[in-house]
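Student: I'd like to ask some things about the structure below.
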Amino acid sequence: MNHFIALCNPDLCTLKRVLHAVTLFVAVFSTSGQAYRIEQIDTLFYNAQETRRAPDSIWAIAERIEILSREFNYEWGFLQSNLIKGIALYQKNELDSSAKTLLEVVGDVEALERKSFEEGRARNYLGLIYQRLNNFDKSENNFRQAAQVFEPLNKKEHYVMSLNNIGVIHAMRGQYSEALEIFLNVRDIALDGEIPRARGRLSRALTNISQVYSAMGQSNLAIDFAKQGLQLKKEIGDTVAMGNSYNIIGEIFFQHELYDSALFYHGQALQLKPSNYLRYTPIVYGAHQSIAQIYAQQGELEQAISLLLSSMKLRRSNENYQVNDAYNLIAQYKQELGQFDSAIYYSNSAFLDAVVNNDKPGARDASKRLSEIFFAMNRFDSAYRYQSLFHKYHDSIYNESTKEKYNNLRIELETSEKQKEVEVLQKQIEIDEKNRALLVVSIIAIIILSLAITVYLILRNRNRQLKLENEIEKGQSALQQQTLHMMNMSNNIQEIESGLKSMKKKEMVQGKDVQSLLNSIFVNRSFEREWEQLETHFSKIHPDFNSQLLRRHDNLTQKERRLLALVKLDLNTREIAGILSIEQRSVVMSRYRLKQKLGLGESEDLDLYVQTF
């Protein structure tokens, strides 16, 4: 009874109610406090996405998120902190550390089996890192996965950003039609205005379109799109983007040797005063490099070298943007001035930088220059070693990028489509065997059509070459185009010749009519005019080759000199046979006879000997 009374004591009951209320309040306060911290973390995380923030500022935000997450062991907060640190490391140019941190973020997200904005951002930055390291396969793969994350999350701005980055990779591989298709798609999305900062994305798309048109040789379209992009960037007030556009327009004018206009636009880029100089430094180095090349074209090599060296001094110790290109240019100008020791030093620097960054084209070019310098200094052991390295990198690049090269040539030459049309017509003629008169007319039509197409392509290419004469004379690409063009002409005529011989043998038409056409084709097989163009381009790239060859061997015929020129171009036996319209075994025999005539022993290599000229 007393126990019952004690429990019902009013004071005790009141105390219990107070304790229960306090417990409930603490629980509610704890839950609301945790929600408040998560809201703080989310706010800090999205503030850190502002790309104009300095890396140190971004890092400080990451550490604050980590501290807040540690208060209640918030795993997603730790993941967000790591992502921000990875971005800060990327902006500091510490690519290896950045990649390691971002890969951890991707692994953590995959372990949780949820697609998130954080994964998309991590993959996008991984794509940028692999792009800087010239690993285009990994770069494109990460950009595509980022786009697949952003699209269902309705993050249109970041989805467009990933698409744009995929287009850049296509352009860097020489896949211009694919790149242009993506950039035009980005432009159309941006024109809808449904994404944040749509004008900024539109201006970037216009700039990328201009660069693709420039690479395809369509300078008028390139300048038009670049100026549209520049105008948008001026309206937005994005100083860094404006500087990039100024440089792009300057480079287009430089390619066409309009040096005054190029200097004007590069000068405009250098006159800008950005608020974030760290993001602007690549613009400065790009402008300096282009201006130095203009000085060199005007014969002012010392001034070009001085500008490049002063620009190098502005770089931070870990900043490698266009360093390899600058080293190569300085080495080239030093070589032209006959300062071989300095040329070797900068070529070695370019080679080592290219190897560290997996830049195979850069390593190939640097090793070739070192080989040429050592040959000029009569240091043949070193010359041979670097010549071997040049062939190693050259073959590696060729094997890895054969598809991309042919895609590029398909865009520039467009001859394969015409050849298919001729083949379709030829098959149609073979089917209609009963009407011999129609066969003769069709054969003549095919010959006329093929010759018309050939003449049209020659005239069109000649007009294009007249417009871009200065560029083509200085570029290796013109020589390659001319070589492939002659091979295509030879193949087309050989196919027609073979078909006519077959029909003559079957007595489908009068032998004397076909023989007349065969004689006409044989006369045109000399390609004398095409040889003159090839020799013109060759002499621009290797001006001393023929003179040195004649000084050592004045008894060579014109055919032998032409064969040696094709060997100098690193063409294989099949390619040489296609240009000379002879069998491959005839090429082998001609090479053997040439070795004897040049006085080379059995163990001496003709290709290596020709490279000494």
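The values are calculated or read from the model by the stated rules, or taken from the named source; none is laboratory data. None of the values given here were measured: they were computed from a predicted structure. Virtual Cβ from ideal backbone geometry, glycine too; neighbours counted across all protein chains shown. Heads up: the accessible areas ignore ligands, DNA and RNA and are worked out on the full protein's heavy atoms, side chains in. Shrake-Rupley method; radii C 1.70, N 1.55, O 1.52, S 1.80 Å.
Student: Residue by residue through region 168-181, what is 3J(HN,Hα) from phi via Karplus (6.51 cos²θ - 1.76 cosθ + 1.60, θ = phi - 60°)? Round to whole Hz and write x for glycine and proline.
Tutor: Computed from phi, the couplings for region 168-181 are 4, 4, 4, 5, 5, 7, x, 8, 5, 5, 5, 4, 4, 4 Hz.
Student: I would also like to ask the following. Taking the Cα centre of region 33-116 as origin and charging only Cβ (+1 Lys, Arg; -1 Asp, Glu), how large is the dipole, in debye to the nearest 20? Before the final figure, lay out the partial values.
Tutor: Values: 10 positive and 14 negative charges, 43 e Å.
The calculation lands at about 200 debye.
Student: Once you list every other residue whose beta carbon is under 11 Å from the beta carbon of His553, what net charge do they have if Lys and Arg are +1 and Asp and Glu are -1?
Tutor: For residues surrounding His553, the net value is +2.
Student: Output ³J(HN,Hα) for region 226-240: one whole-Hz value per residue in order, computed from phi by the Karplus curve 6.51 cos²θ - 1.76 cosθ + 1.60 with θ = phi - 60°, and x for Gly and Pro.
Tutor: Computed from phi, the couplings for region 226-240 are 5, 5, 4, x, 4, 4, 4, 5, 5, 5, 6, x, 8, 5, 4 Hz.
Student: Also, I was wondering about something else. Once neighbouring chains are kept in place and the probe is 1.4 Å, which whole percent of the accessible area of region 76-142 is contributed by carbon and sulfur?
Tutor: So the carbon and sulfur contribution to the accessible surface is 44 percent.
Student: At 1.4 Å probe size, with the rest of the protein present, what percent of the exposed accessible area of region 336-377 is carbon and sulfur atoms?
Tutor: With neighbouring chains kept in place, the figure for region 336-377 is 52 percent.
Student: With every protein chain left in place, what is the accessible area of Phe264 in Å² (1.4 Å probe, nearest 10)?
Tutor: Approximately 110 Å² for this residue.
Student: Relative contact order for region 57-215 using alpha-carbon pairs under 8 Å, separation at least 6, rounded to a whole percent? Walk me through the numbers before you get to the answer.
Tutor: Values: 188 pairs, mean separation 20.4, N = 159.
Value for region 57-215: 13 percent.
Student: Here's a follow-up. Once phi is turned into ³J(HN,Hα) by the Karplus curve 6.51 cos²θ - 1.76 cosθ + 1.60 with θ = phi - 60°, what whole-Hz value does each residue of region 452-457 show in order, with x for glycine and proline?
Tutor: With coefficients 6.51, -1.76 and 1.60, one gets 5, 4, 4, 4, 4, 5 Hz.
Student: Collect residues whose amide H, placed 1.01 Å from N in the peptide plane, falls under 5 Å from the amide H of Leu600; neighbours closer than 5 in sequence don't count.
Tutor: Hits under the 5 Å cutoff: none.
Student: Pairs Lys138/Lys273; Lys368/Lys597; Lys273/Lys540; Lys92/Lys155; Lys234/Lys368; Lys392/Lys597: which are spaced more than 31 Å apart, C-alpha to C-alpha? Mind showing how you got there, number by number?
Tutor: On the way: Lys138/Lys273 36 Å; Lys368/Lys597 28 Å; Lys273/Lys540 41 Å; Lys92/Lys155 26 Å; Lys234/Lys368 43 Å; Lys392/Lys597 29 Å.
Correct reply: Lys138/Lys273; Lys273/Lys540; Lys234/Lys368.
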